[in-house]
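Down below is the structure, laid out as structure tokens.
The values are calculated or read from the model by the stated rules, or taken from the named source; none is laboratory data. Because the structure is predicted, anything quoted here is derived from the model rather than measured. Neighbour counts run over all protein chains shown; Cβ positions are idealised from the backbone, glycine included.
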Amino acid sequence: MVNRTPLGRLDSEFEPRMNELAFYTLAGQPKSPAELIDEVRDGEAMGLGSAFISERLNIKEAATLSGAAGAVSTEIGLATAATNQNTRHPLVTAAYALTMHRLTGGRFSLGLGRGIPRMFAAMGLEPLKTVHIEEFVKLMRRLWVGETIVDYEGPSGRFPVLSLGAEAGHHIPMTFTAFGPNSLALGGRFFDAVVLHTFFTDETLQRCVETVKRAALEADRDPDHVRVWSCFATIGDHLPEPTRLKKTVGRMATYLQAYGDLMVSTNRWDPKVLERFRADPLVSSFRGAIDALATTEQLEQIAPLIPDEWLAPAATGSPQQCVDKIRAQLELGADGVILHGASPADLAPIVSCYRESRRHEDFSHLPPNPAAIPLG
């Protein structure tokens with residue numbers, strides 16, 4: 001890895017950090033996890049508020065990446081979005097989150113997701129149900145405040161003793177990556193922040209925010225304390241056409257491969273379009289994730305199968321056009337926007353344009369930790 005000067009350094013004495021904006025590190029298929037180091041440094045230097053860390057069980061194992069991100073940053077918030085609770089012993093997960101909390105001075109949020117049942121079946125793991133997630137959140141919070149749990153038996157398993165010892169005594173914000181209505185409501189009841197999915201229509205975004213906030217209110221929680229993040233594909237025209245094709249058509253095609261029915265039902269799209277997509281000979285015979293393995297020529301063949309309106313919920317075009325669409329997400333009710341599918345280097349002209357007209361006072365209540373309770 002070559003050391004270099006980070007992009008667009010922020011003079012934090014005069015320009016507040018943009019805690020309403022975030023990015024995903026190692027978007028797509030990185031050649032090396034070491035790319036995270038420059039990305040986190042760049043994102044922090046540009047003034048982005050948070051870096052989210054997704055997990056794939058290859059070279060994107062979340063605990064290792066979290067430690068690296070924490071070690072090379074001093075101000076930017078960090079969160080997993082998401083890891084799955086059933087892939088580690090609960091005490092290991094609790095210790096991982098506590099270690100990150102102390103390492104970063106409170107900038108870290110442990111983010112969980114429900115996961116994909118097919119993947120769990122292949123690993124010999126049981127799928128996660130709502131009761132498992134609810135109980136796990138309670139268990140983590142008991143451990144983090146210093147409780148020693150003896151003879152635990154419940155949805156999370158059976159354990160003679162669980163304790164973090166003298167190092168505990170903390171509140172660590174928790175994030176949940178949610179999709180369907182049950183998961184969104186779960187996020188509102190139990191978590192401190194909720195991350196939505198990419199390519200949600202405006203109507204879907206508003207409905208999801210309302211579901212989260214209503215569930216928080218019904219659980220006697222302050223809805224304003226549960227931050228909802230729009231995960232918004234951001235692909236500016238300054239990127240090469242093959243890259244844009246991969247980040248739009250390729251990414252959507254992969255989502256339709258993995259959980260197309262849920263994408264279609266959530267956005268209230270026409271299921272017949274999904275049937276035609278799946279029946280296409282190229283798609284039906286494709287082995288692996290389309291965004292990772294398809295050539296530009298194959299993506300050009302797949303493109304006509306995906307309606308323009310399915311790809312429309314994204315920040316595309318000139319930097320100013322991207323900024324207008326990002327701001328619209330906030331106006332529709334999102335508390336923050338994750339500029340998805342792009343590295344800080346990809347985002348540089350868009351973030352610069354956004355900063356020029358940002359009203360700092362509108363976001364002064366947002367702390368760096370992407371799941372921490374807003375101030376005031």
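For the reader, a short list of remarks on this structure follows.
- Any chance Leu125 is assigned to a helix (DSSP H, G or I) and either out of contact with any helix residue (DSSP H, G or I) (no Cβ under 9 Å at 6 or more places or on another chain) or surrounded by fewer than 19 Cβ atoms within 10 Å (Cβ to Cβ) (or both): no
- Qualifying residue in the range 173-185 (condition: assigned to a helix (DSSP H, G or I), crowded, with 23+ Cβ neighbours inside 10 Å and not assigned by TED's automatic domain parsing to the domain that holds Gly250): yes
- Looking at Asp291, Asp346, Asp324, just one residue is outside any loop (DSSP other than H, G, I, E, B), free of Cβ contacts under 8 Å to residues at least 40 places away in the same chain and under 22 Å from Phe200 (Cβ atoms), and that residue is Asp324.
- Yes/no for Ala253 being at pLDDT below 95 and not basic (Lys, Arg): no
- Selection within the range 104-139 - within 19 Å of Ser54 (Cα to Cα) and charged (D, E, K, R): Arg107, Arg114, Arg118
- Of all residues in the range 299-310, those satisfying the criterion of being under 18 Å from Ala289 (Cα atoms) and touching a residue at least 24 places away in the same chain (Cβ under 8 Å) are Leu299, Glu300, Ile302, Ala303, Leu305, Ile306.
- Of all positions in the range 331-341, none carries a residue that is surrounded by fewer than 22 Cβ atoms within 10 Å (Cβ to Cβ), within 19 Å of the chain's Cα centre (by Cα) and part of a helix (DSSP H, G or I).
- Remark: pairs (first residue in the range 109-135, without any contact (Cβ under 8 Å) to a residue 60 or more places away in the chain and among the polar types (S, T, N, Q); second residue surrounded by 14 or more Cβ atoms within 10 Å (Cβ to Cβ) and outside any helix (DSSP H, G or I); Cβ separation under 9 Å; 6+ apart in sequence or on different chains) = Thr130/Arg114.
- Residues of the range 135-154 classified as surrounded by 15 or more Cβ atoms within 10 Å (Cβ to Cβ) and either within 22 Å of Pro181 (Cα to Cα) or hydrophobic (A, V, I, L, M, F, W, C) (or both), total: 8
Results for (1) assigned by TED's automatic domain parsing to the domain that holds Gln298; (2) in a strand (DSSP E or B); (3) crowded, with 23+ Cβ neighbours inside 10 Å; (4) not charged (D, E, K, R), shown as yes or no for each residue.
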residue	(1), (2), (3), (4)
His171	no, no, no, yes
Lys213	no, no, no, no
Val228	no, yes, yes, yes
Phe232	no, yes, yes, yes
Thr254	yes, no, no, yes
Gly260	yes, no, no, yes
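- Glu297 meets all of the listed conditions (1) surrounded by 15 or more Cβ atoms within 10 Å (Cβ to Cβ); (2) outside the structural domain of Thr198 (by TED's automatic domain parsing) but one, namely (1).
- Single condition Ala94 does not satisfy, out of (1) in contact with a helix residue (DSSP H, G or I) (Cβ under 9 Å, 6 or more places away or on another chain); (2) assigned to a strand (DSSP E or B): (2)
- Verdict on Val264 being in contact (Cβ under 8 Å) with a residue 40 or more places away in the chain and either of a type outside the set (Gly, Ala, Ser) or in contact with a Leu (Cβ under 6 Å, 6 or more places away or on another chain) (or both): no
- Subset of the range 307-321 (residues that are outside any helix (DSSP H, G or I) and surrounded by fewer than 23 Cβ atoms within 10 Å (Cβ to Cβ)): Pro307, Ala312, Pro313, Ala314, Thr316, Gly317, Ser318
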